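Written below as structure tokens is the structure these notes are about.
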Amino acid sequence: MRIKLAIFGLGLMLLSNFSNAQTSVQGKSKQMLNGKKVYDMYCQACHQADGNGVPRLNPPLAGTVYVTGSKTRLIDIVLNGLTDPIEINGEEYNNPMAAHSFLTDQQIADVLTYIRNSFGNKAGTVSVAEVKKQRAKK
Amino acid sequence: MQKIRLVVAMLMLLNVIAAQPKLQVAIQLPVGFTSKVVANDLGRVRHIAVNSNGDLYMKLDRLVNGKGIYRLRDKNGDGVMEDTLAFGNYTGTGIGINNGYLYATSDQTIYRYKFDENQNIVNLDQPEIVVDGLLNKRQHASKSITFDKVGNLYVNIGAPSNVCQEQDRQKGSPGLTPCPILENAGGIWQFNTSKTNQTLSDGIRYATGMRNALGIDWNNEVNDLFVTIHGRDMLYQYFPEMYNQKLGAELPSETFYRVKKGDDCGWPYIHWDHFQNKKILNPEYGGDGKKEGAPNAISPLVGFPGHMAPNALLIYSGNQFPAKYKNGAFIAFHGSWNRTPEPQEGFYVVFVPMKNGLPTGKWEVFADGFSGMSPVTNLSAAKHRPTGLAQGEDGSIYVSDDKAGYVWKISYNK
């Protein structure tokens, strides 16, 4: 009896895990789709369609630790912009990046999920809650 | 034995391959012209200058082996510049030769080096400082230089801004009137070359209202300054209701001006629109795509398609090229980025026929093919990007590339 229950429980767990994974896959592909729209409108001009940026001016988003590393730092870059020189893969870039705090939490979560999983990047998704939390810290 | 021969043969082959410049693309030129690669793989070669003895000087914006200036010399007169000299530990763009000196610039300082009678530099490690402390806020900080015939130096101090908004490059941020940047940037300053250790206040603001006049040359035929200016970015991205994607790629014009002392080219209030042939008020200053502005600003001689980045200007004074080229303008277009997702444009050298300082015909592409592809859909894939121009004593011209560090020599063979 106990064993049966345990098996039943395990089955439930598996089932719920499976459906969780299912919704997050759906969630991610929706974020990727919407994130690309935000990217094309607000980021592409500087960082380019292939995410490789513009030499001397705008840094690449492909293969940089700023994109695939800390999510809070990444969210801050979009919310506050960047004007101090930073070194990205050994190079400096001379344009400033304006703050994009006018984007909604959802748009920021989507575009960051998109850049973390495009141009050869592979990193975790960014949620609306994570953006909301960072914005509240300002 | 056989094996050894094979290895030797392979090594020889490798040597031959190594001696060939890599990544070479075919440059297309008008009939009768030929090109030859004279330097390669030097990284960010920005502006260049050729001395009367044929020595080629290149200013690098990224140090190569710790040096920011390279000189190539053909020691034995066989047409190959086999001798390399490197000096200067700073990066930058500007370089020029005037009255016994080589001038070179970092983004805030103008240095000079003295030539001896054999055209060798006597103070390689101790250049004189001609002007120091020029505005360097990274954006548009390259200091291009040229000289007139009476001992003055002209330097471009680019505006560290897109269009002088309260918040630079912030969608929706209004433009500032008057634009405070114009006090110490956004124009051409004139300095006397008979003095050293000058600062901005020793010079005069020769002309204003220029976002970034990277191309700058003195026209000896008419004794005036000529410049090419990079137009503003982001008309479509900030104002999609006035400029659609295609229009935002074509506008504003990149511009070519004749500039007299005291002239104003109108930045940041207006941009040139080569479709309407008008100075159009920028939307950040109340413009709607049609309203004109800056009535006192001068108009350009030519408006080119947008964003192609005219990085260098050379008024041709040589005798080698056919007569139509004399006193005309060569302009090196670096190639665009702000046309995305439309294909990028530029990556070529253009010629504007001129007489008495005025264009006598339509501009035409003179040297093409530097990008190594057509169309250029991704800027990062372009092989070369024209950046600098120089004229040799024999009337050949040189084109530099800051993507792969190449320099081409272009000659006319009757």
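B:Pro127: net charge of surrounding residues, Cβ under 12 Å, Lys/Arg +1, Asp/Glu -1, itself excluded? The answer is -1.
Between B:Ile204 and B:Val122, the contour length at 0.36 nm per residue exceeds the alpha carbon distance by 26.5 nm. Residues of the stretch B:373-413 that bury at least 50 Å² of accessible area when the other protein chains are present, relative to the chain alone (probe 1.4 Å, heavy atoms, ligands and nucleic acids excluded): B:Ser380.
As a ratio to 2.2 N^0.38 Å, the alpha-carbon radius of gyration computed for chain B takes the value 1.00.
One Cα centroid belongs to the stretch B:166-207, the other to the stretch B:72-141; the line between them spans 24 Å. Put a plus charge on the Cβ of each Lys and Arg, a minus charge on the Cβ of each Asp and Glu, and nothing anywhere else: the dipole of the protein assembly as shown about its Cα centre is then about 1760 debye.
Over chain B, DSSP H runs of length four or greater, each weighted -39,500 (n - 2.57), average out per residue to a 222 nm ellipticity of -2000 deg cm²/dmol. Per-residue packing, averaged as other Cβ atoms within 10 Å, sorts the ranges B:379-392, B:310-323 into the order B:379-392, B:310-323, beginning with the highest. At an R0 of 41 angstrom, the distance between the Cβ atoms of A:Lys133 and B:Thr177 translates into a FRET efficiency of 0.55. For the peptide A:42-51, the mean number of other protein chain Cβ atoms found within 10 angstrom of a residue's Cβ is 5. When you count the other C-beta atoms within 10 angstrom of each residue and take the mean per peptide, B:30-41, B:362-373, B:90-101 line up highest first as B:90-101, B:362-373, B:30-41.
What is the mean number of Cβ atoms from other protein chains located within 10 Å of the Cβ atom of each residue in peptide B:237-243, rounded to a whole number?
On the way: counts 6, 1, 0, 1, 0, 0, 0.
Rounded to a whole number, the mean comes out at 1.
For the stretch A:29-136, relative contact order (Cα pairs under 8 Å, six or more residues apart, normalised by length) works out to 32 percent. Each Lys or Arg adds one and each Asp or Glu takes one away; over the other residues whose Cβ falls under 14 Å from the Cβ of B:Lys261, this sums to -1. Taken along the Cα-to-beta-carbon direction at a fixed 7 Å, the label points for B:Asn53 and B:Ser194 span 2.9 nm.
Rounded to the nearest 0.05, what FRET efficiency is calculated for A:Val65 and B:Ala381 with R0 set to 25 Å and r the Cβ-Cβ distance?
Details: r = 24 Å, r/R0 = 0.96.
After rounding to 0.05, the efficiency reads 0.55.
Seen from all directions on average, the protein assembly as shown presents a Cα convex hull projection of 35.8 nm².
Counting only alpha carbon atoms, the long axis of helix B:2-19 and the longest principal axis of chain B meet at about 30°. The charge dipole of chain B, taken about the Cα centre with unit charges on the Cβ atoms of Lys, Arg (+1) and Asp, Glu (-1), comes to about 620 debye, rounded to the nearest 20. With the simple model of a label 7 Å out from the Cα in the direction of the Cβ, A:Glu87 to B:Lys324 spans 5.1 nm.
Taking 0.36 nm per residue of sequence separation and removing the Cα-Cα distance, the B:Glu241/B:Met373 pair yields an extension gain of 44.2 nm.
The values are calculated or read from the model by the stated rules, or taken from the named source; none is laboratory data. Every value quoted in this text rests on a predicted model; they were computed, and no experiment measured them. Heads up, the Cβs are rebuilt from the backbone with ideal geometry, glycines too, and the neighbour counts pull from every protein chain shown. Note: accessible area is taken over every heavy atom of the protein model, side chains too, but ligands, DNA and RNA are not part of it. Shrake-Rupley method; radii C 1.70, N 1.55, O 1.52, S 1.80 Å.
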